[in-house]
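Enquirer: Structure below; questions to follow.
The values are calculated or read from the model by the stated rules, or taken from the named source; none is laboratory data. Values in this document were obtained by computation on a predicted structure and should not be read as measured data. Heads up, the Cβs are rebuilt from the backbone with ideal geometry, glycines too, and the neighbour counts pull from every protein chain shown. All accessible areas refer to the heavy atoms of the entire protein, side chains included, with ligands and DNA or RNA removed. Shrake-Rupley method; radii C 1.70, N 1.55, O 1.52, S 1.80 Å.
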Amino acid sequence: MGFLRIRTTVDERPGRLASLASALAERGGNILGLSVQSDTDGTVDEFVTDIPANPETVREALEAAGGRCVQVVPATAHELTDEPTRALLLASRLRTMPWRLPELLAELLRADDARWIYGEAVSDLPDPTQLVVPVAPRRAVRLRRADLPFTLTEAARAASFARLAQPATEQSGSGAERGVKLADGVEVTIRPLTSIYREAVRDLHDRCSPESRRFRYFTSMPTLPPRAFDKLCDRNRGYSLVAGHDGQVVGMANLMFTPEPGIAEMAFLVEDRWQGRGLGTAMARMLVRAARDLGYAEVRATLLSDNARMRRLLISLGATLGYTEDPGVVEARLPVGAMASA
């Protein structure tokens, strides 16, 4: 028959593994790989074998040897790599490309499908062919594998693997301020937006020209409604930054979570006299890094087609622009790993 991946649940008894190995050997099987995993119903033994017997014969032999819930699926020579080495190689790739977490999780667990899901805190799913791996409070990866249900051991491996994609606490910019020197030498301080900046953000809106507000909101909104400000401060809905100088907020950048899995949307409002000095670019880079650390794969921005300054900023970061059904509106798409280094 060739290579088979065989999984069976067993009771913890001395000699049980030897009985299973003997049953495979009696049918000409050569065990090329073995792992022992924990699950809700007992211990799961998994073999990769080169065996001439057909799957049904193998299943019957292992059940006779004391195996339960025996599952036999085809395998390939590619699956014979040393598992710890394979996991370390995938971990190395993840550290350099954290936005590819779903794809690498799928490789780790040999899943059929992996994708971002978005929403409230995700509870355990009763379907054993699905595994949900939390990444952030409103972000998770859902894996599907039709042939072999996921075990508790695999769930633990996936959770540990996902943590590698998260920034170290001291490296995360989500809770600390940062000084940024602009092109003209002036330094501003960029901090996460909180409710204490309500009045300062209101003053920012007052000082911005109608055109700047139109570019941000698609209408010359004279003031930011309290409910809209509260939404920008809600960390379950997004992540926002404010830039301060000499006691005033001179710029605001918003990263908002969207119903589309793996996608966040960003927008900016910079006071007119601070535009063209590099502040928007600095804040945009910080937002994209925050999106990556929160587990997003892509950041999008919707802008008016006559917003030339914003178009140049997004293109400089590596975004691609495309027209929407509205001829006056452009959509920019930026994979978080594609942000230009310049």
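Enquirer: Since residue 240 meets every condition but one in (1) out of contact with any strand residue (DSSP E or B) (no Cβ under 9 Å at 6 or more places or on another chain); (2) open to solvent by less than 30 Å² (accessible area, probe 1.4 Å); (3) hydroxyl-bearing (Ser, Thr, Tyr), which condition does it not meet?
Expert: (1)
Enquirer: Looking at 224, 193, 143, which one is farther than 30 Å from residue 104 by Cβ, in contact with a helix residue (DSSP H, G or I) (Cβ under 8 Å, 6 or more places away or on another chain) and at pLDDT 90 or above? Before you say what the answer is, go through the steps one by one.
Expert: Numbers: 224 fails: at pLDDT 90 or above; 143 fails: farther than 30 Å from residue 104 by Cβ.
Answer to the selection: 193.
Here is a yes/no grid of residues against (1) more than 15 Å from residue 148 (Cβ to Cβ); (2) in contact with a Phe, Trp or Tyr (Cβ under 8 Å, 6 or more places away or on another chain); (3) surrounded by 14 or more Cβ atoms within 10 Å (Cβ to Cβ); (4) of a type in the set (Phe, Trp, Tyr):
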{"residue": "33", "(1), (2), (3), (4)": "no, yes, yes, no"}
{"residue": "41", "(1), (2), (3), (4)": "no, no, no, no"}
{"residue": "45", "(1), (2), (3), (4)": "no, no, yes, no"}
{"residue": "54", "(1), (2), (3), (4)": "yes, no, no, no"}
{"residue": "60", "(1), (2), (3), (4)": "yes, no, yes, no"}
{"residue": "67", "(1), (2), (3), (4)": "no, no, yes, no"}
{"residue": "70", "(1), (2), (3), (4)": "no, no, yes, no"}
{"residue": "96", "(1), (2), (3), (4)": "yes, no, no, no"}
{"residue": "99", "(1), (2), (3), (4)": "yes, yes, yes, yes"}
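Enquirer: Something else about it: I'd like to check something: does the stretch 93-108 contain any residue that is in contact (Cβ under 8 Å) with a residue 40 or more places away in the chain, over 32 Å from the mean Cα position of the chain (by Cα) and outside any strand (DSSP E or B)?
Expert: No: the stretch 93-108 contains no residue that is in contact (Cβ under 8 Å) with a residue 40 or more places away in the chain, over 32 Å from the mean Cα position of the chain (by Cα) and outside any strand (DSSP E or B).
Enquirer: Same structure, new question: Can you name the condition, by its number, that residue 115 falls short on among (1) assigned to a helix (DSSP H, G or I); (2) closer than 30 Å to residue 257 by Cα; (3) touching a residue at least 12 places away in the same chain (Cβ under 8 Å)?
Expert: (1)
Enquirer: Within the stretch 191-223, can you find the residues that are within 13 Å of residue 267 (Cβ to Cβ), within 31 Å of the chain's Cα centre (by Cα) and open to solvent by less than 70 Å² (accessible area, probe 1.4 Å)?
Expert: Listed by number, the residues that qualify are 193, 215, 216, 217.
Enquirer: Look at residue 234 and say whether it is farther than 20 Å from residue 197 by Cα and not hydrophobic (A, V, I, L, M, F, W, C).
Expert: On the way: farther than 20 Å from residue 197 by Cα: no; not hydrophobic (A, V, I, L, M, F, W, C): yes.
No: the conditions fail for residue 234.
Enquirer: Okay, moving on. Is one or more of the residues making up the stretch 254-272 surrounded by fewer than 16 Cβ atoms within 10 Å (Cβ to Cβ) and at pLDDT 95 or above?
Expert: Yes, the stretch 254-272 has at least one match.
Enquirer: Is it the case that residue 308 is in contact with a strand residue (DSSP E or B) (Cβ under 9 Å, 6 or more places away or on another chain) and not basic (Lys, Arg)? Full working, then the answer.
Expert: On the way: in contact with a strand residue (DSSP E or B) (Cβ under 9 Å, 6 or more places away or on another chain): no; not basic (Lys, Arg): yes.
The answer is no for residue 308.
Enquirer: Which of the helices (runs of 4 or more DSSP H) found entirely inside the stretch 193-275 contain at least 1 residues meeting this: within 30 Å of residue 101 (Cα to Cα)? Break it down stepwise before answering.
Expert: Values: elements: 198-207, 210-217, 226-233.
Passing ranges, in order: 226-233.
Enquirer: Within the stretch 26-47, can you find the residues that are of a type outside the set (Lys, Arg), in contact with a strand residue (DSSP E or B) (Cβ under 8 Å, 6 or more places away or on another chain) and not in a strand (DSSP E or B)? So that I can check it myself, show each step before the final result.
Expert: From the stretch 26-47, those of a type outside the set (Lys, Arg) are 26, 28-47; that's our starting set.
Retained after the next criterion (residues that are in contact with a strand residue (DSSP E or B) (Cβ under 8 Å, 6 or more places away or on another chain)): 28-39, 41-47.
28, 29, 41, listed by residue number.
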